[in-house]
């Protein structure tokens, strides 16, 4: 299946982050519909390690304020709902149910050093994770290449803006392999300073 130019524009090329919100609540049905779309996102072995908490009350959003950058605090307080997106570091424990036709859990078990020595320390140094924007998307045969930019800031205020290229192999309509390229020297320099 190939996405139409209109669909590519809507999802990638013309999509923008909004900075203002309508002054009306977002109902549970809308949030469930949003989650129902997000759960189909491409993840290795259908694992979807993202965990989402929707925050509506003023008091709960105020508890988020210390973790927000100054430029996002007022926008977050004004939003009718805020999504906190986390990452389940033990997502692979759910794979026997989510991906039952093979032992996908074994692909991740024993990789604790990757989590402890790379992913954990990297995200511990960032204020709010890495915001990604897709610049190019190319597909041919069973290969899809995504060129993107990631922007972030360390807790010390140092920008961490890197370029990424993910080469994905598709099998039976699903991503079965990903190789990612990025500027490792930039990552080392920024993270060493922080």
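Can you say whether residue 116 is farther than 27 Å from residue 56 by Cα and at pLDDT 85 or above, as far as the supplied structure shows? It is false that residue 116 is farther than 27 Å from residue 56 by Cα and at pLDDT 85 or above. If the condition is being out of contact with any strand residue (DSSP E or B) (no Cβ under 6 Å at 6 or more places or on another chain), within 27 Å of residue 73 (Cα to Cα) and touching a residue at least 24 places away in the same chain (Cβ under 8 Å), then region 35-58 contributes only 56.
Among the residues making up region 45-91, those that are at pLDDT 85 or above, assigned to a helix (DSSP H, G or I) and touching a helix residue (DSSP H, G or I) at 6+ places or on another chain (Cβ under 7 Å) are 61, 64, 65, 73, 76, 77.
Test of understanding: among 54, 92, which residue is surrounded by 13 or more Cβ atoms within 10 Å (Cβ to Cβ), within 24 Å of residue 174 (Cβ to Cβ) and not assigned by TED's automatic domain parsing to the domain that holds residue 171?
92
Looking across region 128-144, just one residue is at pLDDT 85 or above and surrounded by 15 or more Cβ atoms within 10 Å (Cβ to Cβ), and that is 144. Taking the criterion of being out of contact with any strand residue (DSSP E or B) (no Cβ under 6 Å at 6 or more places or on another chain) and outside any strand (DSSP E or B), the residues of region 138-179 that qualify are 141, 155, 156, 157, 158, 172, 173.
The values are calculated or read from the model by the stated rules, or taken from the named source; none is laboratory data. What you see is a predicted model; the values in this text were computed from it and never measured. Here Cβ is always computed from backbone atoms with ideal geometry, including for glycine, and neighbour counts include all displayed protein chains.
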